[in-house]
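Reviewing the structure listed below.
Read-outs: derived from the displayed coordinates by stated rules, not from any lab. The shown structure was predicted, so the numbers you read here are calculated from the model rather than taken from an experiment. Quick reminder, even Gly has a Cβ in these numbers, built from the backbone with ideal geometry, and neighbours come from all protein chains shown.
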């Protein structure tokens, strides 16, 4: 009975040590990442660029998806939309 209790307490102690080790390891990695990121040069803030806007009407054509480059190219070259 005493041996079983010792094994259970040893297992409990081992699991506790593993949790502590994992937490310490994660904290160490976080610290290293913070230090590494702090050494990176700061990028200058980018200015907003004013884009020209056509106010005479028009705009994009109806049913033209600008994300679909193949369909956009077809429309620009005068081919019928598929």
Exercise. So how do 21, 46 line up by other beta-carbon neighbours within 10 Å, fewest first?
Worked result: 46, 21
Exercise. When the distances between all Cα atoms of segment 1-41 are binned every 10 Å from zero, what whole-number percent does each bin get?
Worked result: 27, 26, 20, 14, 9, 3, 0
